[in-house]
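The values are calculated or read from the model by the stated rules, or taken from the named source; none is laboratory data. This structure is a prediction, so every number in the text was calculated from the model and none was measured. Glycine gets a Cβ as well: all are built from the backbone with ideal geometry, and neighbour counts include every protein chain shown. Protein only, heavy atoms only, side chains kept; ligands, DNA and RNA dropped before computing areas. Shrake-Rupley method; radii C 1.70, N 1.55, O 1.52, S 1.80 Å.
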Amino acid sequence: MDDLKAKYLGQIAEAGDESTLEAIRVAAVGKKGEVALKMRELGKMTPEERQVAGPALNALKDEINSALSAKKAALADAALDERLRTEWLDVTLPTRARRQGSIHPVSQATEELTAIFAELGFSVAEGPRIETDWHNFDALNIPGHHPARAEMDTFYMHRAEGDNRPPHVLRTHTSPVQIRSMELQGAPIRVICPGGVYRADYDQTHTPMFHQVEGLAIDKDISMANLKWVLEEFVKAFFEVDDVELRFRASHFPFTEPSAEVDIRCSWDNGQLKIGEGDDWMEILGSGMVHPKVIAAGGIDPEVYQGFAFGIGIDRLAMLKYGIPDLRAFFDSDLRWLRHYGFAALDMPNLHGGLSR
Ligand code: DAH
């Protein structure tokens, strides 16, 4: 009995975790443990022997049990101490300087132009950036052989081997949203569609991903004069000036007839970009009267309805308004640039409170 006691109390003292402790309990005082086996031998003893051995075995069992529970409590304490030690934190440390993100100039410009066009009765529509070939080209009167397809430097999506359908494209302009909006809403309709577009092009004023806002107004009596007025109102409101010099140039787009491109007067002196002065012109948009074929592709009767459309480069508007000379920096995610050109997160642009102040 002394051997048993020494053996188990020794093991208990050395146990490092609860499962070891449980194994010891089973071996020592479990139903088939060593102490139980010894108790079974009591039957074979003489009454005198039993009177001594019985209480001694019970005492041994109690002693092992209390050693087990004491050790169990000690292990739990140690575990808690360890947690407290590792999870310790110094609540008196000073907090970090407040960090706040800023609004990217493209997002800012988008919010601003949305506020302006909302005032003019345009709602906002969106379309997918991965677009069908049909919506991006055919429906806009750009058939397969048309040079505009090549000019757009299109990114084509991969097609599975053996799939002969035309591949989807990363939309090269927001014009396909004209089609989607007409399909969805019918006429009359007045929407703008801002969003990202893609072309394989890269220099100071071109990046492979950039942003446009499409405009579309279809009704029974809409004319080029309405287009010109809307664009002038927009540009004045956006640049927050009473007069901006715009140049309407006759142009050609497959989806409009007649078509006009619009440039804005600017200067690039010493790498500084300024609007409204100087001898340079920056093209900011294409526009025109929507081609009857495009109206028909949108599911609207071109004999009854007509309208205008335009596509404006949002990034270019932001460059001009905020004097940011290089478009490529817009998408470098350089924090220093974002802190310098970004806008306060909580200022929502609106026409009454001011767009950018
Ligand atoms: N989709 C043209 C482009 O990306 C821009 C454009 C021109 C849009 C004329 C229009 C438009 O809606 O009428 O270059």
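Quick notes on this structure:
- Those residues of the range 71-110 which are modelled with pLDDT under 90, of a type in the set (Val, Ile, Thr) and under 30 Å from GLY195 (Cβ atoms), in sequence order: none
- If you go through the range 335-347 and keep only what is surrounded by 12 or more Cβ atoms within 10 Å (Cβ to Cβ) and part of a loop (DSSP other than H, G, I, E, B), you end up with GLY342, ASP347.
- Some residue of the range 115-135 being free of Cβ contacts under 8 Å to residues at least 12 places away in the same chain and assigned by TED's automatic domain parsing to the domain that holds ALA200: yes
- Taking the criterion of being of a type outside the set (A, V, I, L, M, F, W, C) and open to solvent by less than 30 Å² (accessible area, probe 1.4 Å), the residues of the range 148-179 that qualify are THR154, ARG171, THR172, HIS173, THR174, SER175, PRO176, GLN178.
- Cross-chain or 6+ apart pairs with Cβ under 6 Å, the range 164-177 first and assigned by TED's automatic domain parsing to the domain that holds GLU151 and among the basic types (Lys, Arg), then modelled with pLDDT of 95 or more and open to solvent by 10 Å² or more (accessible area, probe 1.4 Å): ARG171/ARG129
- Any pair with Cβ under 7 angstrom, 6 or more apart, that starts in the range 18-40 at a residue that is assigned by TED's automatic domain parsing to the domain that holds ALA6 and ends at one that is polar (S, T, N, Q): ILE24/GLN11; VAL29/ASN65
- Taken together, the criteria exclude ALA28 from residues that are out of contact with any Lys or Arg (no Cβ under 7 Å at 6 or more places or on another chain), part of a helix (DSSP H, G or I) and surrounded by fewer than 14 Cβ atoms within 10 Å (Cβ to Cβ).
- Answer residue from the range 243-253, given it is of a type outside the set (A, V, I, L, M) and more than 9 Å from the ligand (Cβ to nearest atom) and is surrounded by the most Cβ atoms within 10 Å (Cβ to Cβ) among those: PHE248
- Close Cβ contacts (under 7 Å, 6 or more residues apart or on different chains) running from residues in the range 261-289 that are over 22 Å from HIS211 (Cβ atoms) and open to solvent by less than 50 Å² (accessible area, probe 1.4 Å) to residues that are within 16 Å of the ligand (Cβ to nearest atom) and of a type outside the set (A, V, I, L, M, F, W, C) comprise MET289/THR256; MET289/GLU257; MET289/PRO258; MET289/GLN306.
- Given (1) over 35 Å from the mean Cα position of the chain (by Cα); (2) closer than 27 Å to HIS352 by Cα; (3) within 14 Å of the ligand (Cβ to nearest atom), index of the condition GLY276 fails: (3)
- Residue tally, condition within 16 Å of the ligand (Cβ to nearest atom) and not basic (Lys, Arg), over the range 144-181: 20
- Of all residues in the range 348-355, none are within 16 Å of the ligand (Cβ to nearest atom) and either more than 27 Å from the chain's Cα centre (by Cα) or open to solvent by 60 Å² or more (accessible area, probe 1.4 Å) (or both).
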